[in-house]
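Contents: one structure, followed by commentary.
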Amino acid sequence: EAHTPGDYACLNLNIFTKELEGRQSTRMPHRMFVSVSYEGDGSDQPDHKTASKTIELLRKHKEKRFLLAAGLVRPHYPMVQPKQYFDPYPWQKMALPRSVPNDLEDMPRLAITRSRSELNGIAKFPDNQKRMWSAYYASVTFMDEQVGRILGELDRLGLREKTAIVFTSDHGYHLGEHTFWQKSNLHEEVTRVPLVISMPGLNPGRSSSLVELVDLFPTLSAAAGLQAPGDLHGTSLLPILKDPGARGK
């Protein structure tokens, strides 16, 4: 992906080029700060292909009960998207996170990882930190569009009102908060993830109860009328989904 023809940037090394040779790529040490803006419609990107395959499977199995997991990559690095997804987010208008003096003084040494701005080199280039924010927003927007394609197909097939839908992520991300980048620590920016659940018969609501990703298996089992194994670490979220004011863990 990092070798997609287009405007390539390795932001912590301050490298900008259209050349394909010598680019930091998947297994290289500086790959986390790579972005590529290119001319195209995005149909060559993994998330577009995943959404297209998901739509194909929905059409094929629309008359049957199904469990379908669609794993989207973005906004994982490298941040490779068509130019039109970067355009709404000019880097010059990006605002960097507020810096807190002595923010790391109460953290144990092992908790201060090499993903810090000073250690990975991006601290030297404040403008490139803004470019990283722009690339991240572009990636989120592209991913969101693919989710919209899938949900739109559920509507077209008449499946939306009888399908449980879960939208979540495996981890959060730092974009300079606390001087950290990526995910290699336990700040809330990393450990907190989006979790949106839609099920037939549920009213819209929001809960502040503590939940975990291990709760999804027992939740979906219960929603499908199945008995989950008794030795699971997670618990069903159905009580919270029915009453957002209910307490979980």
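Is there a quick way to get the dipole size of the range 7-201? I mean about its Cα centre, with the Cβ of Lys and Arg at +1 and of Asp and Glu at -1; what is the value in debye to the nearest 20?
520
Please give the FRET efficiency for VAL73 paired with GLU21, using the beta carbon to beta carbon distance and R0 = 41 Å, rounded to the nearest 0.05.
On the way: r = 25 Å, r/R0 = 0.60.
Efficiency at R0 = 41 Å is approximately 0.95.
For a quick check of your reading of the filter: which GluC sites (Glu not before Pro) in the range 10-79 sit in a DSSP loop and have no more than 13 other Cβ atoms within 10 Å?
GLU19, GLU21, GLU39, GLU63
Taking R0 as 25 Å, what FRET efficiency do you get between GLU1 and SER198 from their Cβ-Cβ distance, rounded to the nearest 0.05?
So the FRET efficiency works out to roughly 0.20.
Would the range 160-219 count as rounded, prolate or oblate if I go by the C-alpha gyration tensor, calling it rounded below 1.5 in a/c and otherwise prolate when a/b exceeds b/c, oblate otherwise? Let's see the in-between values first.
Details: a/c = 2.67, a/b = 2.58, b/c = 1.03.
Note, shape of the range 160-219 comes out prolate.
Take the Cβ-Cβ distance between HIS171 and LYS62 as r, set R0 to 35 Å, and report the resulting FRET efficiency rounded to the nearest 0.05.
With R0 = 35 Å, the Cβ-Cβ based efficiency is 0.60.
Would you work out the relative contact order for the chain, in percent, from Cα pairs under 8 angstrom that are 6 or more residues apart?
With pairs under 8 Å counted, the relative contact order is 16 percent.
What spacing in nm lies between the two simple spin-label points modelled at ALA123 and LEU213, each 7 Å away from Cα in the Cβ direction?
3.0
Normalised by the residues of the range 164-249, what does the relative contact order come to in percent, with Cα pairs under 8 Å and at least six apart?
26
Using the charge dipole of the range 57-184 (Lys, Arg: +1 at Cβ; Asp, Glu: -1 at Cβ; taken about the Cα centre), state which of PHE86, ASN120, ALA164 has its Cα farthest towards the positive end.
ALA164
Give me the number: length gained by fully extending ASN102 to ALA246, i.e. 0.36 nm times residue separation minus the C-alpha to C-alpha distance, one decimal in nm.
Working: separation 144, 0.36 × 144 = 51.84 nm, distance 3.81 nm.
The ASN102-ALA246 span can extend by a further 48.0 nm.
Tell me the mean residue ellipticity at 222 nm calculated for the chain from its helices only (DSSP H runs of n ≥ 4, each -39500 (n - 2.57), averaged over every residue, nearest 500).
Here the helix-only value at 222 nm equals -8500 deg cm²/dmol.
In the range 136-192, which trypsin sites (Lys or Arg not before Pro) fall in coil by DSSP and have 11 or fewer other Cβ atoms within 10 Å?
When the trypsin sites (Lys or Arg not before Pro) of the range 136-192 are filtered for loop state and at most 11 Cβ neighbours within 10 Å, ARG192 remain.
List the aspartates and glutamates whose Cα lies under 19 Å from the Cα of LYS130, skipping any in the same chain that are fewer than 8 positions away.
ASP7, ASP87, GLU118, GLU177, GLU189
Are there chymotrypsin sites (Phe, Trp or Tyr not before Pro) in the range 29-84 that DSSP puts in a loop and that have at most 11 other Cβ atoms within 10 Å, and which ones?
The qualifying sites: there are none.
Enumerate the calculated ³J(HN,Hα) couplings along the range 2-10 in order (Karplus 6.51 cos²θ - 1.76 cosθ + 1.60, θ = phi - 60°), each rounded to whole Hz, writing x wherever the residue is Gly or Pro.
5, 9, 4, x, x, 7, 8, 9, 10
Of the residues ASN203, ASN102, ASN185, which exhibits the maximal mean-square fluctuation in a Gaussian network model of the chain defined by a 10 Å Cα contact cut-off?
Judging by the Gaussian network model, the answer is ASN102.
Each reported figure results from applying straightforward, stated rules to the coordinates on display, with no laboratory input. In this text the structure is predicted, and so the values were computed from the model without any measurement. Heads up, the Cβs are rebuilt from the backbone with ideal geometry, glycines too, and the neighbour counts pull from every protein chain shown.
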